[in-house]
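The values are calculated or read from the model by the stated rules, or taken from the named source; none is laboratory data. Since the structure is predicted, the reported quantities are computational estimates derived from the model, not experimental observations. Note that we place each Cβ from the backbone using ideal geometry, even for glycine, and neighbour counts take in every protein chain shown. Protein only, heavy atoms only, side chains kept; ligands, DNA and RNA dropped before computing areas. Shrake-Rupley method; radii C 1.70, N 1.55, O 1.52, S 1.80 Å.
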Amino acid sequence: MMQGESKNSNIFIDQAIELMRKNVFTAQNVEDESNTIVFGAFETTANTIGYVLILLVMFPEYQQKVYEELLTIFPDEGDFDVTYANIQEMTYMDMVINEYMRVLTPVPFVGRENSHDIELSNGIVVPGGVQFLINIFTLHRRKDLWGPNADMFDPDHFLPCNMEDKHPYAFIPFTKGIRNSIGWKYGLMSTKITLAKLLRNFKFSTDFQYADLEFTYSIVLKLKHIPVLRVEIDKYG
């Protein structure tokens, strides 16, 4: 449990341990389910950290805003502690991470099968048992949902005023409903902690341009060419 975080029955490990005390789970069940969360979030978390850095170096004005926010939360550089309360203060970092997940959707496609008949808004009825492939990557770049600059990386897309009337399914990086990713909260916390330490202590830059990014589609989104980043210890003027 992180410093500053109170015990909460909604925390996964607490629930798993409680089930073990009730003899619903064995100790092995607790270990296996915990490993599922950790390993399930590992690749997408690692990609998120790398891709957020890549996007921020291509748009240094946004990197500067992240740094300024971190400076107010962590006045001292170096190996500082990050509490749960600190994570909640990273509001601009939240916007940056959400915008990354919009333009570079971690899992670009997901498959689903409807369990019963569904009537669409145009009146067409889709019978139960039909398999769907949901193109989240394209959904997140639809101009009718995200405006004329939908293809561009701009954290302001997630300003509260821009999200007020947004359809609840316009942004589904972890999908929605009962099949959404079980480890996303844990992955986001570790992502924010890592990015906070990197961006508070270092400045990153590159000559690679956003327009030159090319994607390959598999279970997770990957780049054909990984931009080379420069790291500076003495940071911002």
Item to check | Selected residue (only one of 43, 69 is of a type in the set (Asp, Glu), under 21 Å from the mean Cα position of the chain (by Cα) and either modelled with pLDDT of 70 or more or not in a helix (DSSP H, G or I) (or both)) | outcome: 69
Next on the checklist: Being of a type outside the set (Asp, Glu), at pLDDT 95 or above and exposed (fewer than 13 other Cβ atoms within 10 Å of the Cβ) is the requirement here; does residue 143 meet it?
Outcome noted: yes
Checklist outcome for this item: Screening 103, 82 for residues that are among the β-branched types (Val, Ile, Thr), within 19 Å of the chain's Cα centre (by Cα), within 22 Å of residue 206 (Cα to Cα) and at pLDDT 90 or above leaves only 103
Next on the checklist: Given the condition closer than 19 Å to residue 46 by Cα and aromatic (Phe, Trp, Tyr), answer yes or no: does some residue in region 68-88 qualify?
Outcome noted: no
Checklist entry - Where residues in region 72-102 are among the aromatic types (Phe, Trp, Tyr) and part of a helix (DSSP H, G or I), which of them is nearest to residue 199 (Cα to Cα)? => result 92
Next on the checklist: Six or more apart or on different chains, Cβ atoms under 9 Å: show the pairs whose first residue is in region 16-36 and within 23 Å of residue 185 (Cα to Cα) and part of a loop (DSSP other than H, G, I, E, B) and whose second is open to solvent by less than 70 Å² (accessible area, probe 1.4 Å) and not β-branched (Val, Ile, Thr).
Outcome noted: 25/16; 25/19
Next on the checklist: For the list (1) assigned to a helix (DSSP H, G or I); (2) out of contact with any Ser or Thr (no Cβ under 9 Å at 6 or more places or on another chain); (3) open to solvent by less than 70 Å² (accessible area, probe 1.4 Å); (4) at pLDDT below 95, I need the number of the one condition that residue 56 fails.
Outcome noted: (4)
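May I ask you to list the residues in region 114-163 that are touching a residue at least 40 places away in the same chain (Cβ under 8 Å) and under 22 Å from residue 92 (Cα atoms)?
Answer for region 114-163, where residues must be touching a residue at least 40 places away in the same chain (Cβ under 8 Å) and under 22 Å from residue 92 (Cα atoms): 146, 151, 152, 153, 154, 155, 156, 157, 158, 159.
What residue, among those in region 173-183 that are surrounded by fewer than 19 Cβ atoms within 10 Å (Cβ to Cβ) and either among the β-branched types (Val, Ile, Thr) or within 16 Å of residue 96 (Cα to Cα) (or both), is modelled with the highest pLDDT?
Selected residue: 175.
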Checklist outcome for this item: Out of (1) touching an Asp or Glu at 6+ places or on another chain (Cβ under 6 Å); (2) at positive phi, the one residue 131 does not meet is (2)
Checklist outcome for this item: Restricting attention to region 86-113, the residues that are in contact (Cβ under 8 Å) with a residue 60 or more places away in the chain and either out of contact with any Asp or Glu (no Cβ under 8 Å at 6 or more places or on another chain) or open to solvent by less than 20 Å² (accessible area, probe 1.4 Å) (or both) number exactly 17
